[in-house]
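The values are calculated or read from the model by the stated rules, or taken from the named source; none is laboratory data. Because the structure is a prediction, the values reported are computed rather than measured. Every residue, glycine as well, gets a Cβ built from its backbone with ideal geometry; the counts of neighbours run over all protein chains shown. Just so you know, the surface numbers come from the protein's heavy atoms only, side chains and all, with ligands and any DNA or RNA stripped out. Shrake-Rupley method; radii C 1.70, N 1.55, O 1.52, S 1.80 Å.
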Amino acid sequence: MLDPDRGLSLTIARIVQRLKGSSLHSQLERQARVSPDLAPYPQYYFLKLSSWYFFILTGWEKKLQNAVYSQLNVFPWPCHPAAPPEHMKEPLAYMRKAQGSWEKRILKSLNSMCTELSIPLAQKRPASEQKELLNKWNEMGTDEPDLSLFRPVYAPKDFLEVLMNLRNPNYENGDQPSFRNHLGLIQVPLKVKDIPELKEDFTELGLNIGQLGIDDSAQVPPEFFENEHVRVGQKVLAEQDSAAAQQYVRQGCPTALRADLWALILNISNQPEDILYYEQLKSNVIQHDLLVDSLIYKDVKLTASNDDYYFVFEDYLYQVLLCFSRDTSVLEHFTYSSATPPKSYIRGKLGMEEYAVFYPPNVNYNSFILSVAPLCFLYHEPSKLYQIFREMYVRFFFRLHSISSHPSGIVSLCLLFETLLQTHLPQLFYHLREIGAQPLRISFKWMVRAFSGYLATDQLLLLWDRILGYNSLEILAVLAAAVFAFRAVNLMEVTSLAAAEAVLADLSTLKVMPLLQIFLFATVT
């Protein structure tokens, strides 16, 4: 085990190294050179501890603190120095192997599509096409390309089947039922939390603590909670403290403050260099046509165009996702993700590593747009919307599409969901299992999409408040279990999977916070 002091030293060194390559570092250098307070000192002096007074005076202290806090939220605790590099990505070998097999399956599907349709993975657009795309950049939703020959690379049920077949080769777990078998679909021995542990983690969701989503309803006078909560939120924004903002949103964000609070937590400020970077990505989209562009177009047409909430954001979705597919900065998240970016080779140079490129840097091929669409309600400037989505992806959403043992990974979320149901609603779980309606077959699509497309938008944003506040996706599994508990009486009457799916088909009328509170804090343990 890694010594805590040694781990802290490694963490500090890693954060310093990362910040040295950031725009914040160059801004600090520029500020130090022009500051009259530091004029008598050598240029390196501002890096010394004694110059901390300079940071406080000029307001850079908060910016530096927020940058460090952001890094701590994203990167995992360092492994032991003797551990191989892949352990930082995923410590369990069988998980790494399963993820590798899944990636090969996706690539095979992608390459087959290329071959069948005689379309290259990437090609430069003709000048006329570039001009046309540039002119209609803000009206891409009006385009109606023929996408009938393109098929989704995979569906949620395909991914679930892969997770169901996961097994730890070092764990005795035969096909015959025994006390070692898990009655659910997930058969890997990972540690997940029980209700008492979840209560401790989600203390701020307690019954005696004010919550937006409950205490701001029309029946509750605003002076009891809402007015004071808004006042505190405004103070947090004035202080520009990421850690304080993260603690604050655990009780929910006021609608008027949500966009700014989320940006503060994610350390997004939309500086001129960020806007320039977005424009460069846009230029890459204009110049080059990727096969995945057609998959994105089809996904948007099938999902957003037919959605009562999201159809108005169709143009934003194209802009964000097409730029995202070109953003090589997202490759950094593969250092702490079990996934590995796929490689492609320049035509005629197959197998020659010096001609290898990552293709594309980041696309999960399955209802990607549902991670972006809710953010369109908060951000109307494309460059800022893009940055917020990118940061949400590298912090949270990538874990819903890769196989890992991380507590917020989709495997652990599935196991947590099944464990909660088995422990606290055993009769319901056993009934559904006996009629061939395993609960996870129904709830998996909710969790893998973070409930986007299923809950009403206001309720979804309240749920995502808590994801940001707790820096964890575990609340998705808790909510999924809470939905089953809420509909338990009806589910006990069903006799087939189709009937169970019908009972749970519409979640748009559900209120997230009452469900979570009742399940966590009104459940007898």
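Things to note:
- With 25 Å as the limit, the listed pairs K191/K511; K157/K301; K282/K384; K97/K124 have K191/K511; K97/K124 beyond it between alpha carbons.
- Stretch gain in nm, segment N138-V489, where the contour uses 0.36 nm per residue and the Cα spacing is subtracted: 121.5 nm
- Computed on the Cα trace of the range 395-525, the radius of gyration divided by the Kirkwood hydrodynamic radius gives Rg/Rh = 0.94.
- With every protein chain in place, the range 438-525: carbon and sulfur % of accessible area (1.4 Å): 58 percent
- Debye intensity ratio I(q)/I(0), log10, the range 176-278, q values 0.12, 0.15, 0.23 Å⁻¹ (C-alpha model): -0.62, -0.77, -1.21
- FRET efficiency for the A155 to E239 pair, using the beta carbon distance and R₀ = 45 Å, is estimated at 0.50.
- For D158, solvent-accessible area (1.4 Å; no DNA, RNA or ligand), Å²: 50 Å²
- Binning the alpha carbon pair distances of the range 240-339 at 5 angstrom intervals from zero yields the distribution 2, 10, 14, 14, 17, 21, 14, 5, 1, expressed in whole percent.
- Residue among H431, S443, S402 farthest towards the positive dipole end of the range 376-449, charges placed on Cβ: S402
- L276 versus E197: modelled label distance in nm, points set 7 Å from Cα along the beta carbon direction: 4.8 nm
- With the largest listed first and rounded to whole Å, the semi-axes of the equivalent ellipsoid of the range 423-481 from the Cα gyration tensor are 25, 13, 9.
- Estimated at 0.36 nm per residue, the fully extended path between S9 and S496 surpasses their Cα-Cα distance by 169.7 nm.
- Calculated FRET efficiency, H288 to L64, Cβ-Cβ distance, R0 = 41 Å: about 0.65 to the nearest 0.05.
- For the range 110-258, with +1 on Lys and Arg beta carbons and -1 on Asp and Glu, the positive-most of M140, Q187, L212 along the dipole: Q187
- Whole-angstrom gap from the range 446-520 to the range 275-317, using each part's C-alpha centre: 28 Å
- Pair-distance profile P(r), taking every C-alpha pair of the range 82-175, with 5 angstrom steps and integer %: 2, 9, 12, 14, 14, 13, 10, 9, 8, 5, 3, 1, 0
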